[in-house]
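The values are calculated or read from the model by the stated rules, or taken from the named source; none is laboratory data. These numbers come from a predicted model, not from an experiment. When we count neighbours, we look across all protein chains shown, and the Cβ atoms used for this are built from the backbone with ideal geometry, even at glycine. Surface areas here come from the heavy atoms of the whole protein model, side chains and all, with no ligands, DNA or RNA. Shrake-Rupley method; radii C 1.70, N 1.55, O 1.52, S 1.80 Å.
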Amino acid sequence: MVKKFFICIFLLGLFFQGYTQEKEVKAVIETNFGNMVVKLYNDTPKHRDNFIRLARAGHYDGTLFYRVIQDFVIQGGSSDSRGAMAGRAIGYGESIVIDAEIKQEHYHKKGALAAPRQPDRENFFKESDISQFYIVQGRKYTSVELENLEKRINGPIRKAIQRKYYTPEKKAILDTLRSQKKVKEFREIANKIKEDIAFDWNANTDKLYMTDEKREDYIRLGGSHHLDKEYTVFGEVIEGLEVIDKIAALPTDKNDRPLADVKIKVKILK
């Protein structure tokens with residue numbers, strides 16, 4: 001009887017866990033060069049909800065992918081791109097922003113859906129444009145390139161943290177304790193230095209965050225790693241990656257606008 005009771009409690013817990021997990025919303029970005037299905041991340045709720053609101057209001061319908069750079073991104077959604085004459089510089093939008101939701105686990109692999117923004121000098125908090133979006137094409141990286149990138153970025157950071165705690169004064173103290181064979185005192189100080197270095201390293205937000213999954217994505221799919229930690233990624237393309245390539249390959253003018261208009265329509269899927 002007791003065993004059956006605990007089994008029921010366990011199953012009930014699984015039910016409520018599945019019930020409370022928020023389902024990711026999907027949307028179709030239709031273009032005259034093909035359609036892309038995107039999923040919107042739940043841990044970037046401001047961007048997710050704003051994208052859904054604008055899509056349902058018809059904001060994106062008739063706008064253009066107006067900035068297209070091969071091996072980089074395709075960008076669209078600006079209200080001033082709707083019906084814009086050929087050759088006109090567009091993409092200035094409404095100058096309204098939304099709070100950044102930059103997550104280290106969301107990165108600029110191929111297909112990443114993200115929000116553009118003004119440069120840091122005008123936008124210290126990295127706030128996103130409220131209506132525009134871009135989708136990453138990027139390029140593929142080799143494992144050697146990524147390893148060298150990690151060394152170039154993380155090496156100086158790690159050395160600076162080590163110098164902060166393993167100072168000449170601390171080194172002199174440890175050398176003296178070693179020569180005096182005071183093992184316990186030596187280990188206490190040395191372990192404290194190691195702990196402080198590890199804590200600072202783990203808390204550092206400037207280092208390159210490269211998991212095995214991220215590394216594999218940049219090698220297999222490609223992307224634009226230098227955009228990571230700078231812009232909010234709030235979704236990704238799950239169907240229609242080839243459409244990105246079609247659009248990115250289009251001839252463009254001096255403003256990176258395709259010579260043939262790429263019209264957008266967005267539908268939220270239930």
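Below are the figures for this structure:
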item	result
Among (1) surrounded by 12 or more Cβ atoms within 10 Å (Cβ to Cβ); (2) over 17 Å from the mean Cα position of the chain (by Cα) - the single one LYS140 does not satisfy	(2)
Some residue of segment 82-95 being at pLDDT 90 or above, touching a helix residue (DSSP H, G or I) at 6+ places or on another chain (Cβ under 8 Å) and closer than 20 Å to THR44 by Cβ	no
Residue that is modelled with the lowest pLDDT [pool: residues in segment 184-215 that are closer than 22 Å to GLN162 by Cα and among the β-branched types (Val, Ile, Thr)]	THR205
Selection count, segment 146-186, where residues are more than 40 Å from the chain's Cα centre (by Cα), surrounded by 12 or more Cβ atoms within 10 Å (Cβ to Cβ) and not hydrophobic (A, V, I, L, M, F, W, C)	4
Residue in segment 95-109 that is within 17 Å of ASN255 (Cα to Cα) and surrounded by 14 or more Cβ atoms within 10 Å (Cβ to Cβ) present	no
Selection count, segment 118-137, where residues are open to solvent by less than 60 Å² (accessible area, probe 1.4 Å) and over 20 Å from ILE29 (Cβ atoms)	4
Subset of segment 63-92 [open to solvent by 30 Å² or more (accessible area, probe 1.4 Å) and part of a loop (DSSP other than H, G, I, E, B)]	GLN70, ASP71, PHE72, ARG82, GLY83, MET85, ALA86, GLY87, ARG88, ALA89, TYR92
VAL144 being touching a residue at least 60 places away in the same chain (Cβ under 8 Å) and within 30 Å of ILE244 (Cα to Cα)	no
Test: residue in segment 253-265 that is at positive phi, open to solvent by less than 40 Å² (accessible area, probe 1.4 Å) and either at pLDDT 95 or above or acidic (Asp, Glu) (or both)	no
Residue pairs meeting the criteria (Cβ under 7 Å; at least 6 apart or on separate chains; first hydroxyl-bearing (Ser, Thr, Tyr), in segment 211-223; second modelled with pLDDT of 95 or more and outside any helix (DSSP H, G or I))	TYR218/LYS109; TYR218/TYR141
